[in-house]
Amino acid sequence: MNADTRTAHPDAAHVVVIGGGIAGLAAAHRLVGSGARVTLLEATSRLGGKLQTGEIAGAPVDLGAESMLARRPEAVDLARAAGLGDRLQPPATASASIWTRGALRPMPKGHVMGVPGDPAALAGLLTAEAVDRIAREPRLPPADLGDDVAIGEYVAERLGREVVDRLVEPLLGGVYAGDAYRISMRAAVPRLFEAARGHASLLAAVREVQAEAAAAQPDAGPVFMGVEGGVGLLPDAVAAAVRAHGGQILTETPVVALTRAAAGGGWQIRTDERTFTADGVVLATPAWSASALLADESPAASAELGRVEYASMALVTLAFRRADLTGTGAGGGLPDGSGFLVPPADGRAIKASTFSTRKWGWVDRAAPDLFILRTSLGRYGEEEQLHCEDSELIAASLADLAEATGLSARPAAAEVTRWIGGLPQYPVGHPDRVARIREEVAKLPGLRVCGAVYDGVGIPACIASAQRAADEILAMPTLARSAGADAGQ
């Protein structure tokens with residue numbers, strides 16, 4: 001916890017944040033740190049959204065997102081500001097594999113979200129014919145990307161479908177649970193999109209992006225960072241910091257209506273039990289919720305938000321007794337590395353597996369007699385799989401693990417976590433949709449939106465969108481005045 005526990009002046013402007021995921025919490029943290037009075041309203045009984053810790057066989061684990069991109073500062077900086085700086089830890093190993101064509105094959109280096117810059121790096125993962133096809137790409141006529149393009153379609157046109165199906169698809173699937181042949185290149189890999197527009201060759205564009213990244217971070221640290229005890233500790237730490245600055249956080253308080261105040265400006269936020277009056281509102285909810293709340297005040301923004309589609313997924317966390325595993329060492333015969341990705345083209349049930357005990361030193365230390373791993377299931381358009389019983393998802397995971405790694409032990413404990421509607425989809429045209437939403441929302445004085453819908457689904461991107469929303473609210477004339485709005489009536 002920061003030593004600074006100043007609270008807002010009673011006459012400070014009042015901002016209500018709707019939504020208690022990491023975006024809403026980050027917005028609240030930014031607002032209270034700037035002197036605003038803040039009330040955060042969360043519909044469920046728990047803060048954090050898709051960041052959640054839990055236990056399996058008595059060992060602490062993440063049951064949602066487990067790592068944060070560290071090459072962007074927002075998430076790591078917020079963790080430090082919330083008092084978790086001494087708990088930040090990089091993965092113990094970053095080596096991973098791809099389970100494809102009947103074998104676990106090393107993840108190639110030198111790519112941008114699966115798009116390679118050097119065909120030779122893909123030898124062994126792809127067929128020789130596919131590698132040769134990629135090497136011939138610079139001789140193809142330049143492609144017109146237009147305002148946006150599906151990354152899978154464009155890369156397949158330039159490099160062949162095999163690189164999309166075996167590398168781009170599993171990597172993007174791990175981020176968006178989506179379909180590479182639908183995902184917007186401009187939204188998912190914006191820098192590569194811009195570089196590709198300036199080069200006749202996609203391979204040359206990839207190498208330009210790689211060179212820029214290397215020049216910008218010559219002494220680059222870890223790509224990802226975790227938190228000892230789980231990234232799921234971050235929401236409660238941020239919430240504690242918000243409360244220490246005088247912010248009010250209410251759970252099990254769904255908002256049922258959002259209207260502009262009739263006189264004097266500001267907003268009225270109605271729940272089942274109370275009506276809050278605020279000078280500003282940050283709407284940090286999923287698209288469908290934001291759409292419903294904006295239906296009266298901004299029908300155009302509401303309609304755009306209502307068209308955003310989501311993918312669902314499930315995580316199966318498994319704990320094995322190390323004594324039950326065959327082979328020597330901490331992994332008991334399991335292959336080296338942090339886990340593996342699975343291309344959809346191979347027709348498996350799981351799309352990835354993470355060897356948590358290997359990947360995170362804190363998991364290994366917390367459960368020395370266990371080996372903990374997890375699988376993920378569910379992609380866009382395959383939601384019916386997630387309606388299976390827990391036992392079926394566990395059985396499917398074990399069957400794939402056995403075929404991929406030879407694992408034959410039975411788990412000592414298993415936990416299934418479903419994230420229904422967990423990941424917004426970014427199809428072609430998504431950046432323009434976001435721009436239209438923000439243009440319409442900007443017409444509403446004292447209201448801004450943030451979250452995974454807008455600028456990226458990763459933790460740093462969500463935090464960045466929240467901080468942008470908070471800063472824009474704080475810069476509004478209605479917030480600059482001493483409002484003295486009633487916090488609730």
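Per 10 Å bin from zero, what fraction in whole % of the C-alpha pairs of region 1-158 is there, up to the bin with the longest pair?
That works out to 8, 22, 23, 21, 17, 8, 1, in percent per bin.
In square nanometres, what is one fourth of the surface area of the convex hull spanned by the alpha carbons of region 301-447?
On the way: hull surface 46.8 nm².
One quarter of the hull surface, i.e. the mean projection, equals 11.7 nm².
For region 82-94, what does the Karplus curve 6.51 cos²θ - 1.76 cosθ + 1.60, with θ = phi - 60°, yield as ³J(HN,Hα) per residue in whole Hz, taken in order and with x for Gly and Pro?
Once rounded to whole Hz, the list reads 8, x, 9, x, 6, 9, 5, 9, x, x, 5, 9, 10.
Taking only C-alpha pairs under 8 Å that are 6+ residues apart, what is the relative contact order of region 173-263 in percent?
Taking the mean separation of contacting Cα pairs over the length of region 173-263, I get 10 percent.
Mind listing the long-range amide H neighbours of Arg46? Cut-off is under 5 Å, sequence gap 5 or more, other chains count too, H placed in the peptide plane at 1.01 Å from N.
Excluding prolines and chain starts, which carry no amide H, the hits are Glu252.
Could you tell me the distance between the Cα centroids of region 363-406 and region 263-318, to the nearest Å?
33
Could I get the Rg over Rh figure for region 394-478? Both from C-alpha atoms, Rh via Kirkwood, rounded to two places.
That ratio is 1.26, to two decimals.
Taking region 360-444, which trypsin sites (Lys or Arg not before Pro) meet the DSSP loop condition and have no more than 15 other C-beta atoms within 10 Å?
Passing both the DSSP loop test and the Cβ count: Lys443.
In Å, the Kirkwood hydrodynamic radius of the chain over pairs of distinct alpha carbons?
One over the average 1/r among Cα pairs gives 23.8 Å for the chain.
Where in region 171-192 does the label zone of Asp147 land, with the point 7 angstrom along Cα→C-beta and an amide N cut-off under 20 Å?
182-192
Below 8 Å between Cα atoms, with a sequence gap of 6+, how large is the relative contact order for the chain in percent? Before the final figure, lay out the partial values.
On the way: 1077 pairs, mean separation 124.7, N = 489.
Computed value for the chain: 26 percent relative contact order.
Sticking to Cα atoms, compute the Rg of region 156-301 to one decimal and its Dmax as the biggest Cα-Cα distance, whole number, in Å.
Calculated on Cα positions, Rg and Dmax stand at 22.5, 61 Å.
Give me a comma-separated list of calculated 3J(HN,Hα) values for region 430-444, in order, Karplus coefficients 6.51, -1.76, 1.60 applied at θ = phi - 60°, integers in Hz, x for any Gly or Pro.
For region 430-444, the Karplus curve yields 4, x, 5, 4, 4, 4, 5, 4, 5, 5, 6, 5, 4, 6, 9 Hz.
Please quote Rg/Rh for region 244-348 to two decimal places, taking the Kirkwood radius as Rh and restricting both calculations to Cα atoms.
Result for region 244-348 is an Rg/Rh of 1.26.
What ranking do 382-392, 160-170, 55-65 get when scored by the average of other Cβ atoms within 10 Å per residue, highest first?
Sorting 382-392, 160-170, 55-65 by mean packing, highest first, produces 160-170, 55-65, 382-392.
Amide H neighbours of Tyr310 under 5 Å, at least 5 residues apart or on other chains, H built in the peptide plane: list them.
Gln425
If we count every other residue with Cβ under 11 angstrom of Ala287's Cβ, Lys/Arg +1 and Asp/Glu -1, where does the sum land?
0
Can you give me the relative contact order of region 299-413 as a percent, contacts being Cα pairs under 8 Å and 6 or more apart?
In percent, rounded to a whole number, it is 36.
Hey, what's region 1-112 come to in accessible area per residue, 1.4 Å probe, Å²? Write down the numbers at each step before the final one.
On the way: 4590 Å² over 112 residues.
Here the per-residue accessible area is 41 Å².
What trypsin sites (Lys or Arg not before Pro) does region 237-335 have in DSSP loop regions with at most 14 other beta carbons within 10 Å?
Here the sparse-neighbourhood loop sites are Arg274, Arg307.
Please sort by residue number the GluC sites (Glu not before Pro) in region 235-297 whose DSSP state is loop and whose Cβ has at most 10 other Cβ atoms within 10 Å.
Those that pass, being in a loop and sparsely packed, are Glu273.
Convert 20 °C to kelvin, take the viscosity as 1.002 mPa s, use the Kirkwood radius over C-alpha pairs of region 297-388 as Rh, and evaluate the Stokes-Einstein diffusion coefficient in µm²/s, rounded to a whole number.
After rounding, the answer is 136 µm²/s.
How long is region 71-134 along each principal axis, judged by its Cα atoms, biggest number first, in Å?
Largest first, region 71-134 extends 52, 23, 13 Å along its Cα principal axes.
How large is ³J(HN,Hα), in whole Hz, for each residue of region 243-248 in order, when computed from phi with the Karplus curve 6.51 cos²θ - 1.76 cosθ + 1.60 and θ = phi - 60°, using x for Gly and Pro?
With coefficients 6.51, -1.76 and 1.60, one gets 5, 5, 8, x, x, 9 Hz.
What nm distance separates the two modelled labels at Glu383 and Asp77, each placed 7 Å from Cα along Cα→Cβ?
Here the answer is 3.6 nm between the modelled labels.
Which lysines have a Cα lying under 26 Å from the Cα of Lys109, excluding residues fewer than 8 positions away in the same chain?
Counting by Cα, and skipping residues close in sequence, Lys109 has these lysines nearby: Lys351, Lys359.
Using amide H atoms built 1.01 Å from N in the peptide plane, name the residues 5+ places from Ala257, or on other chains, whose amide H lies under 5 Å from its own.
Sorted by chain and number, the residues that satisfy this are Arg270.
Return one number: the angle in degrees, 0 to 90 and rounded to the nearest 10, between the long axis of the Cα atoms of helix 459-474 and the longest principal axis of the Cα atoms of the chain.
Its long axis makes an angle of about 20 degrees.
In whole Å, what three semi-axes, largest first, describe the equivalent ellipsoid of region 101-185 built from its Cα gyration tensor (square root of 5 times each eigenvalue)? Walk me through the numbers on the way to the answer.
On the way: eigenvalues 78, 61, 19 Å².
Working through the eigenvalues yields semi-axes of 20, 17, 10 Å.
The values are calculated or read from the model by the stated rules, or taken from the named source; none is laboratory data. On a predicted model such as this, the values are computed, not experimentally measured, just so you know. With ideal geometry, Cβ positions are generated from the backbone for all residues, glycine too; neighbour counts draw on all protein chains shown. Surface areas here come from the heavy atoms of the whole protein model, side chains and all, with no ligands, DNA or RNA. Shrake-Rupley method; radii C 1.70, N 1.55, O 1.52, S 1.80 Å.
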